[in-house]
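Student: This is the structure, below, for whatever I ask next.
No lab work stands behind these numbers, since they all come straight from the coordinates. Since the structure is predicted, the reported quantities are computational estimates derived from the model, not experimental observations. A quick note on method: Cβ atoms are made from the backbone with ideal geometry, for glycine too, and the neighbour counts reach across all protein chains shown.
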Amino acid sequence: MTLAYITCKDHKEAKRISVQLLRKRLIACANIFPIGSIYWWKGKIVNDNENVVIAKTNNKNFSKVVKEVKKIHSYAIPCILKIGATANKDYGQWANKEIR
């Protein structure tokens with residue numbers, strides 16, 4: 001299993017991206033969390049509130065997830081991280097059935 005960690009400007013964008021990925025069957029599930037973020041942007045340290053999507057997918061679909069997110073994300077450089085994960089057997093079987 002692969003987790004796609006995607007930061008978004010707000011809950012609305014995180015939900016829109018999650019639903020789009022689900023409709024395209026690129027992910028089995030998404031969780032959305034509010035987070036505080038501190039990062040460098042254009043020579044300044046920015047302290048911001050964002051929402052993160054943790055999307056469950058598989059390794060073969062990760063590049064498709066990246067392409068789809070880049071098409072609809074509001075950020076010039078969206079954060080899309082690939083995290084390897086091991087699922088319990090039942091969850092992994094369910095997720096693999098949902099991802100195309």
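Student: Positive end of the dipole of segment 23-100, charges at C-beta (+1 Lys, Arg; -1 Asp, Glu), about the Cα centre: which of W41, N58, Y75 has its Cα farthest in that direction?
Tutor: N58
Student: Would you mind getting me the FRET efficiency between W41 and A85? Use the beta-carbon distance for r and R0 = 35 Å, nearest 0.05. Please report the intermediate quantities before stating the final value.
Tutor: Details: r = 29 Å, r/R0 = 0.83.
My answer for the efficiency is 0.75.
Student: Counting other C-beta atoms within 10 Å, which of H73, H11 has the fewest, and how do the rest follow? Spell out each step's value before the answer.
Tutor: On the way: H73 19, H11 13.
Fewest to most other Cβ atoms nearby, the residues stand as H11, H73.
Student: Could you pull out every one of the aspartates and glutamates with an alpha carbon less than 15 Å from that of K71, ignoring same-chain neighbours closer than 8 positions?
Tutor: Result set, ordered by chain and number: E13.
Student: Right, here's the next one. Restricting to Cα pairs below 8 Å that are 6+ residues apart, what does the relative contact order work out to for the chain? Please round to a whole percent.
Tutor: 44
Student: Please arrange S63, S37, S18 by counting, for each residue, the other beta carbons lying within 10 Å of its beta carbon, fewest first. Walk me through the intermediate numbers first.
Tutor: Values: S63 10, S37 13, S18 21.
By the 10 Å Cβ count, ascending, the order reads S63, S37, S18.
Student: Using only the Cα atoms of segment 17-100, each taken as one equal point scatterer with no solvent, compute I(q) by the Debye sum, divide by I(0), and report log10 of the ratio at q = 0.14, 0.15 Å⁻¹.
Tutor: -0.55, -0.62
Student: Note down the magnitude of the dipole of the chain about its Cα centre, charges +1 on Lys and Arg C-beta and -1 on Asp and Glu C-beta and zero elsewhere, to the nearest 20 debye. Let's see the in-between values first.
Tutor: Details: 19 positive and 7 negative charges, 100 e Å.
Dipole magnitude for the chain comes out near 480 debye.
Student: What are the lysines whose alpha-carbon lies under 17 Å from the alpha-carbon of K70, with same-chain residues fewer than 8 places away excluded?
Tutor: Correct list for K70: K9, K12, K15, K24, K82.
Student: Could you let me know the centre-to-centre spacing of segment 72-100 and segment 9-40, using Cα atoms, in angstrom?
Tutor: 11
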